[in-house]
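Working notes for the structure below.
The values are calculated or read from the model by the stated rules, or taken from the named source; none is laboratory data. Just so you know, these numbers come straight off a predicted model, no measurement behind them. As a convention, Cβ positions derive from the backbone with ideal geometry for all residues, glycine included, and neighbour counts pool all protein chains shown.
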Ligand SMILES: [Zn+2]
Ligand SMILES: [Zn+2]
Ligand SMILES: [Zn+2]
Ligand SMILES: [Zn+2]
């Protein structure tokens, strides 16, 4: 935007040297032809000033309050309901049938730490924004994938750099993302080196867990020691899924990485869109159909896997060494098979390799496999002649009896009632959102 304005100014100056003054006078910001037509010019100038932006940065600054519209009464209720309805419609679009998903996930977060990340096209810089969103992503990811593990690899100065080991503890991952000075961007990125490093850290993983690489890439170049297509082929062979969030533009190689490995590719258009496409990668990916002996279309046989539920040691127990860090401490968990002591669950036992999880972790991973069915918006109050229930089945709030006029779009009930397709109970707007986004279980039928 800024350069364009400057061009216009140049043009004005150029035309100024010709003597075609009359036509140009109104557009000129600073007075060159003073004394001529002063009064009229002043008025015009004032008008033009008000129209144009005071600073160029204001042009790119999106005002979040502009997107929210008040209704006639000055209330924001309609705008809020519209936002909720948008989420509801998105849920309705999701496939209803159970999808086979990988709930034990292993993800390597590959961060571009090259000099291109110091660009200020995203504020404050691409680098700072990436770190901030990466931290939020990690929190959300662990919340939804409690059985997952994340490792962090950086790419700068032409090499891949291990920043954080694969860990199931969100605090460990957040700690290695919090040290801004240690991650200072420099040099060229190398996709091949970094992917090879990520690949090697996942080579030992069992087949039932997913192997994923998420690349946040701000550069337009990569500086590789060999043929990156060999690396790509190796990733396909190892069933590693690569997703890329590009901050600059689409590159052929990044698109290929995603397409051939079954990952997602997106180019962030602005700060908000960056966050959106990053957070789309939080829910576990659907497992790719594996053609087995039964031929395509049949449900691939499930493999059983062994898991152990640990015994939690009380804080008052005598201190002993843990198997994972060799630290002396009293609290911890005992592996049910070899009785080794580990600091945190979920983890793989360092002694016998058994996967140790707590039952809440397992239960919380479950909702991805069997999501709560979306509630239907009630549009006909007296359906089948029966009297409608007076209050929300979950929170007992009394439903309004007059239909609101504002909410007329699809997926919104004018009475604020949403009905479970299984138990036929009615729920209010707030409960609908809470059930689907937080508790993942219908209070009416327990499904
Ligand atoms: Zn330990
Ligand atoms: Zn063990
Ligand atoms: Zn309610
Ligand atoms: Zn229900």
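Every listed requirement among (1) on the phi > 0 side of the Ramachandran plot; (2) in a strand (DSSP E or B) is met by residue 187 save one, (2).
Which residue, of 230, 172, is within 30 Å of residue 343 (Cβ to Cβ) and out of contact with any helix residue (DSSP H, G or I) (no Cβ under 7 Å at 6 or more places or on another chain)? Break it down stepwise before answering.
Numbers: 230 fails: within 30 Å of residue 343 (Cβ to Cβ).
After ruling out the rest, the residue left standing is 172.
The sole residue among 318, 283, 336 that is in a loop (DSSP other than H, G, I, E, B), touching a helix residue (DSSP H, G or I) at 6+ places or on another chain (Cβ under 7 Å), at pLDDT 85 or above and more than 16 Å from ligand 3 (Cβ to nearest atom) is 283. Screening residue 258 with (1) away from ligand 2 (no atom under 16 Å from the Cβ); (2) surrounded by fewer than 16 Cβ atoms within 10 Å (Cβ to Cβ); (3) more than 23 Å from residue 170 (Cα to Cα); (4) at pLDDT 90 or above gives one miss only, at (2). Residues of the range 232-250 that are over 21 Å from the mean Cα position of the chain (by Cα), surrounded by fewer than 19 Cβ atoms within 10 Å (Cβ to Cβ) and at negative phi: 233, 234, 236, 237, 238. For residue 227, state whether it is over 15 Å from the mean Cα position of the chain (by Cα), under 22 Å from residue 148 (Cα atoms) and in the same structural domain as residue 110 (by TED's automatic domain parsing). The answer is no for residue 227.
Please go through the range 293-315 and give me each residue that is at pLDDT 85 or above and over 12 Å from residue 355 (Cβ atoms), ordered by number. Once the filter is applied, which keeps residues that are at pLDDT 85 or above and over 12 Å from residue 355 (Cβ atoms), the range 293-315 yields 311, 312, 313, 314, 315.
Can you work out which of the residues in the range 359-373 that are away from ligand 3 (no atom under 16 Å from the Cβ) and surrounded by 15 or more Cβ atoms within 10 Å (Cβ to Cβ) is nearest to residue 103 (Cα to Cα)?
Narrowing the range 359-373 to residues away from ligand 3 (no atom under 16 Å from the Cβ): 359-371, 373.
Now restrict to residues that are surrounded by 15 or more Cβ atoms within 10 Å (Cβ to Cβ): 361-362, 364-365, 367-368, 371, 373.
Working: 361: 11, 362: 9, 364: 10, 365: 6, 367: 10, 368: 8, 371: 13, 373: 20 Å.
Here the residue is 365.
Every condition in (1) modelled with pLDDT of 85 or more; (2) more than 14 Å from ligand 4 (Cβ to nearest atom); (3) in contact with a helix residue (DSSP H, G or I) (Cβ under 9 Å, 6 or more places away or on another chain) is met by residue 368 except one, and the failing one is (1).
Here residue 380 meets the list (1) at positive phi; (2) modelled with pLDDT under 85 almost entirely, failing just condition (1).
Scanning the range 315-339 for residues that are within 10 Å of ligand 2 (Cβ to nearest atom) and either under 35 Å from the mean Cα position of the chain (by Cα) or within 25 Å of residue 145 (Cβ to Cβ) (or both) returns 323, 334, 335, 336, 337.
Would you check which residues across the range 256-269 are over 14 Å from residue 233 (Cα atoms) and outside any loop (DSSP other than H, G, I, E, B) and list them? Scanning the range 256-269 gives 265, 266, 267. Only residues that are at pLDDT below 85 and more than 13 Å from ligand 2 (Cβ to nearest atom) were counted across the range 347-365, and they come to 7.
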